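Q: I have a structure here, written as structure tokens, and I will follow up with some questions on it.
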Amino acid sequence: MSSLSRDEVAKLAALARIEMSEAELVNLSSQFGSILDAVARVQELNLEGVKATSHPQPLENIFREDVVAPSLTPDQALSGAPAQEDQRFRVPQILGEAE
Amino acid sequence: MSAALEKGETTSVELTKLHLDRIAAIDPQVKAFLHVDSESALQQAAKVDADRATGKKLGALAGIPLALKDVLAQEGVPTTAGSKILQGWKPPYDSTVVAKLKAAGVVILGKTNMDEFAMGSSTENSGYGPTFNPWDLTRTPGGSSGGSAAAVSAFEAPIAIGSDTGGSIRQPAALTGIVGVRPTYGAVSRYGLIAYSSSLDQAGPFGRTVLDTAMLHEVIAGHDPKDATSINAPVPAVVAAAKSGDVKGLKIGVIKQLQGDGYQTGVLARFNESLDILASLGAQIVQVDCPSFEYALAAYYLIAPSECSSNLARFDAMRYGLRTGETDGASAETVMNATREAGFGREVKRRIILGTYALSSGYYDAYYGSAQKIRTLIIEDYKKAFAQADVLVSPTSPITAFKIGEKSEDPIAMYLADVATIPVNLAGICGMSLPAGLAEEDNLPVGFQIMAPAMQDQRLYQVGAALEAALVSKWGGHLISKAPALGGAK
């Protein structure tokens, strides 16, 4: 039986940039064991020598001429912005005081 | 409808009004739509009528109303993917699917409800409340394209667009008694389709008949330079196949692993009855073995969450969508964490955390790496099976429509709803679900799934049309005519 502690879930939530409530952390931790057991079935088979597939199609690079094509205007691009200033996205403070 | 429009027996404005009235009358019960765009729909309809009056040559679906899953961007129209994090967002551009619909003169009625970011099998994970199954309003319509399926099933729209990452078109089609197709991966452009799991996502059509579905398929398919994974090849002749419907001499493979334990008795009974019908029409039924399918569900629930944990990183509260927690001096990271906590629902968070875990160093090989290898084995199983048969078949869903709330507290039980549909997505091939009748024990619709190799989508329609014609003549009408009336006459 797999398990994931409340603290491990908290670490993952921090990595995923989600500030979870205590109740959510505990709830997720209690569900995770059975979910991990279910997905761990992928380890039951001997997969030695089997190639990994990341995509159903053979992908190749696609090139185009470097010419300007019609695209969004600055106003369109900013139309969904939570905040803007001088035709730019306005974001909260990125660097700390000391930096 | 298309013929009546062409002959001038009705107009697009009339048809559109009829559907808008139906939505106004019954959608408070069904809750298929998140946003209805009456004014713009009537404008589009009037334009098609005017074009037709001038004798302009129009496509077969010109003037026909449609319901659009809210996962597709439509310029200037609220697009949320069922998530609070996108509440109120109006895209500044059209997805390629929407652009193609508009170019074909299709009238878009509005945006339909869905599991948040297409993660779910019941539409209960929507940030805006569940959709109800028109066959029984205490049950779910399936998911994640439950809103689109319910809209078509409840006669709120004749056709609809959904998206299918693990069964999200085929499973709700099965649970609401209509036809739904997941086209070959890369056959329909993903440009403007809000991403859940990019190597599995594919938009596709819903209809009440195989031919309607084929006509919509033809409109939305085709190569698109804006999608790097779009296949540059002619669209398979799906409409011609839906009109022919001849299965004489065709080999139909029954997948041993997609039946038996866990499948409802009435589902298996209807499935076997359909097989007998196909055999009586001259098809040859063979049994095929796909041993790795047993591991498909586990592989899917590693691959899809892994891809989603990366795809959903774009919801960072900076460029669009929700922003919250912006107190004095709060850093961008604090705002990001608070916004993602407030904006994402339970299942989305669960999958992001699972994906983050599966991709983290130390676990990567054991989980994500192994899942990718299982994916290879599933593709090989299909290759062997398609060497023995032209199409493969199974029940679409192991069970009929389940009660609202029945599985929402048990993620594993919910995930099992997709056990028969997921292998198609992992292999990037195409699949259809069409109504096979009602399960005897609960009188709810059962779906029959047909699978074909990549870019052989026409085979789905060929077999689907043959089976549909035989079943309709047996029933004396389409299955959907047996659905209970909602809010008055149909």
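Quick note: the coordinates plus some simple rules give every number you see, no bench work behind them. Worth saying up front: this structure is predicted, and the values here are computed from it rather than measured. Note that we place each Cβ from the backbone using ideal geometry, even for glycine, and neighbour counts take in every protein chain shown.
Q: For the stretch B:206-226, list residues with backbone N below 13 Å from a point placed 7 Å from the Cα of A:ASP66 toward its Cβ?
A: No residues fall inside that zone.
Q: On a full-extension model of 0.36 nm per residue, what is the gain between B:GLU380 and B:LEU18, subtracting their alpha-carbon distance, rounded to one decimal in nm? It would help to have the intermediate numbers written out before the result.
A: On the way: separation 362, 0.36 × 362 = 130.32 nm, distance 4.86 nm.
Length gained between B:GLU380 and B:LEU18: 125.5 nm.
Q: Can I ask one more? Might you report the magnitude of the Cβ-based charge dipole of the protein assembly as shown about its Cα centre, with Lys and Arg at +1 and Asp and Glu at -1, to the nearest 20 debye? Walk me through the numbers on the way to the answer.
A: On the way: 51 positive and 65 negative charges, 268 e Å.
Using only the charged Cβ atoms, the result is roughly 1280 debye.
Q: Sort B:TRP89, B:TRP135, B:TRP475 by Cβ crowding within 10 Å, fewest neighbours at the top.
A: Lowest count first: B:TRP475, B:TRP89, B:TRP135.
Q: Another question, if that's okay. Cross-link candidates for B:LYS47: which aspartates and glutamates have Cα within less than 14 Å, leaving aside residues fewer than 8 places away along the same chain?
A: The qualifying aspartates and glutamates are B:GLU14, B:GLU39.
Q: Quick one: which of A:73-82, B:389-398, B:20-29 comes out on top by average Cβ neighbours within 10 Å, and what's the full order, highest first?
A: Final packing ranking: B:389-398, B:20-29, A:73-82.
Q: Further, regarding this structure: Given a cut-off of 20 Å, what percent of all Cα-Cα pairs of the stretch B:1-160 lie beyond it?
A: On the way: 6070 of 12720 pairs.
The answer is 48 percent, as a whole percent.
Q: Let me spell out the model: positive unit charges on the Cβ of Lys and Arg, negative unit charges on the Cβ of Asp and Glu, origin at the Cα centre of the stretch B:296-369. What dipole size does that give, in debye rounded to 20? Don't skip to the answer; put the middle values down first.
A: Values: 8 positive and 8 negative charges, 46 e Å.
Magnitude of the dipole: close to 220 debye.
Q: Further, regarding this structure: Mind checking A:44-52 for the average number of partner chain beta-carbons within 10 Å of each residue's beta-carbon?
A: For this peptide, the per-residue mean of nearby foreign Cβ atoms is 5.
Q: So for each of B:368-374, B:458-464, B:242-248, A:49-55 I average, over its residues, the number of other beta carbons within 10 Å; can you give me the resulting order with the highest mean first?
A: Details: B:368-374: 24.0, B:458-464: 27.0, B:242-248: 17.4, A:49-55: 13.7.
Going by the mean number of other Cβ atoms within 10 Å, highest first, we get B:458-464, B:368-374, B:242-248, A:49-55.
Q: Then there's this: Counting only DSSP beta bridges with both residues in the protein assembly as shown, tell me the antiparallel percent, nearest 5.
A: Working: 31 of 48 bridges.
So the antiparallel bridges amount to about 65 percent of the total.
Q: For the stretch B:356-490, what class follows from the C-alpha gyration tensor (a ≥ b ≥ c being the square roots of its eigenvalues): rounded when a/c is under 1.5, otherwise prolate if a/b is larger than b/c, else oblate?
A: oblate
Q: Please state the equivalent ellipsoid semi-axes for the stretch B:157-200: what are the square roots of 5 times the Cα gyration tensor eigenvalues, largest first, in whole Å?
A: Gyration-tensor ellipsoid for the stretch B:157-200: 20, 12, 9 Å.
Q: Take every Cα pair under 8 Å in the stretch B:296-369 that's 6+ residues apart, average their separations, divide by the length, and report that relative contact order as a whole percent.
A: Averaging sequence separation for qualifying contacts and normalising by length gives 44 percent for the stretch B:296-369.
Q: Continuing with the same structure: Could you tell me the ratio Rg/Rh of chain B? Both radii from Cα atoms, Rh via Kirkwood.
A: On the way: Rg = 21.4 Å, Rh = 22.4 Å.
Reported Rg/Rh, Kirkwood definition of Rh: 0.96.
Q: Under the rule a/c < 1.5 gives rounded, and otherwise a/b versus b/c splits prolate from oblate, where does the stretch B:296-369 land using the Cα gyration tensor?
A: Note, shape of the stretch B:296-369 comes out prolate.
Q: Now for a different question. If you count, for every residue in B:357-370, the Cβ atoms of partner chains within 10 Å of its Cβ, what is the mean?
A: On the way: counts 11, 3, 1, 3, 0, 0, 1, 0, 3, 3, 5, 4, 3, 10.
Partner Cβ neighbours, averaged per residue: 3.
Q: Report the local net charge at B:PRO395: Lys and Arg +1, Asp and Glu -1, summed over other residues whose C-beta lies under 11 Å from its C-beta.
A: Residues close to B:PRO395 contribute a combined charge of +2.
Q: Find out how many positive minus negative residues lie around B:ASP51, taking Lys and Arg as positive, Asp and Glu as negative, among other residues whose Cβ is under 15 Å from that of B:ASP51. Let's see the in-between values first.
A: Values: positive: B:LYS47, B:ARG52, B:LYS56, B:LYS57, B:LYS102; negative: B:GLU6, B:ASP49.
Once positives and negatives cancel, what remains is +3.
Q: Between the stretch B:42-62 and the stretch B:424-474, how many Å separate their Cα centres?
A: Distance between centres, Cα-based: 32 Å.
Q: If you add up the charges near B:LEU175, with Lys and Arg at +1 and Asp and Glu at -1, over every other residue whose beta carbon is less than 11 angstrom from its beta carbon, what do you get?
A: Overall, the nearby charge balance is +1.
Q: Skipping prolines and chain starts, which residues have an amide H placed within reach, meaning under 5 Å, of the one on B:LEU34, given they are 5 or more residues away or on another chain?
A: B:LYS111, B:THR112, B:ASN113
Q: Could you give the length gained on full extension between B:LEU268 and B:LYS56, defined as 0.36 nm per residue of separation minus the Cα-Cα distance, in nm? Mind showing how you got there, number by number?
A: Values: separation 212, 0.36 × 212 = 76.32 nm, distance 4.90 nm.
Between B:LEU268 and B:LYS56, full extension yields an extra 71.4 nm.
Q: Could you tell me the relative contact order of chain B? Use alpha-carbon pairs under 8 Å, at least six residues apart, and round to a whole percent.
A: Once divided by the residue count of chain B, the mean separation gives 18 percent.
Q: For peptide B:84-95, compute the average count of partner chain beta-carbon atoms within 10 Å of each residue's beta-carbon. Write down the numbers at each step before the final one.
A: Values: counts 0, 0, 1, 0, 1, 2, 2, 3, 8, 4, 0, 0.
Across B:84-95, the average partner-chain Cβ count within 10 Å equals 2.
Q: Same structure, new question: Please list 3J(HN,Hα) in residue order for the stretch B:87-97, calculated via the Karplus relation 6.51 cos²θ - 1.76 cosθ + 1.60 where θ = phi - 60°; whole Hz, with x for glycine and proline.
A: Taking θ as phi minus 60°, the curve returns 4, x, 6, 10, x, x, 8, 9, 5, 4, 4 Hz for the stretch B:87-97.
Q: Using only Cα atoms, find the angle between the long axis of helix A:6-15 and the longest principal axis of chain A, and express it within 0 to 90 degrees, rounded to the nearest 10.
A: Compared with the principal axis, the helix lies near 20 degrees.
Q: Right, here's the next one. What shape does the protein assembly as shown take by its C-alpha gyration tensor, where a ≥ b ≥ c are the square roots of the eigenvalues and a/c under 1.5 counts as rounded, a/b above b/c as prolate, and the rest as oblate? Write down the numbers at each step before the final one.
A: Working: a/c = 1.57, a/b = 1.16, b/c = 1.36.
In terms of gyration-tensor shape, oblate.
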